[in-house]
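Worksheet for the structure shown next.
The values are calculated or read from the model by the stated rules, or taken from the named source; none is laboratory data. In this text, all values refer to a predicted model and were calculated from it rather than measured experimentally. Heads up, the Cβs are rebuilt from the backbone with ideal geometry, glycines too, and the neighbour counts pull from every protein chain shown. Just the protein is used for accessible areas: all its heavy atoms, side chains included, with ligands, DNA and RNA removed. Shrake-Rupley method; radii C 1.70, N 1.55, O 1.52, S 1.80 Å.
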Amino acid sequence: QVQLAESGGGLVQPGGSLRLSCATSRSLFSIGAMNWYRQAPGKQRELVATISNNGRTNYADSARGRFTISRDNAKNTVYLQMNSLKPEDTAVYYCHTAYIGLGYWGQGTQVTVSS
């Protein structure tokens, strides 16, 4: 079993920045790739960014160039640095991973981009 706990969401003005954190209960080396998803009201959950065990990253087109996913193996924590935020980035952001064939989700953290 893996517990994931997100933090760092909040209210930010357009053009601002936030850094989300996802703390895991297991070593990052023992679990699969770490993913950030988001879900806006009335929309499907979408994959935003992924970081593999070897540090390889991948981004949705909407995030590329503005968001950066990273990991701190010593702290068992994954981050999502979000810059140049737009109102359309407003959503609940979830951390996700897989472990022994099962998927695990955090509780989510709300990001609201508004003036």
Worksheet item: Cα convex hull of the chain: how many Å³ per residue?
Response: 92
Worksheet item: the range 22-71: which trypsin sites (Lys or Arg not before Pro) are DSSP loop and have at most 16 other beta-carbon atoms within 10 angstrom?
Response: R26, K43, R45, R56, R64, R66
Worksheet item: Considering amide H positions built from the backbone, and no H for Pro or chain starts, which residues 5 or more places from G16, or on another chain, come under 5 Å of its amide H?
Response: L85
Worksheet entry | Other-chain or far-sequence residues with amide H under 5 Å of G108's (modelled H) | E6, C95
Item to complete: Could you state the accessible area per residue of the chain in Å², with a 1.4 Å probe and every protein chain left in place?
Response: 52
Practice prompt. Round to the nearest 0.05 the FRET efficiency obtained for S52 and T112 when R0 = 30 Å and r is the Cβ-Cβ distance.
Written response: 0.50
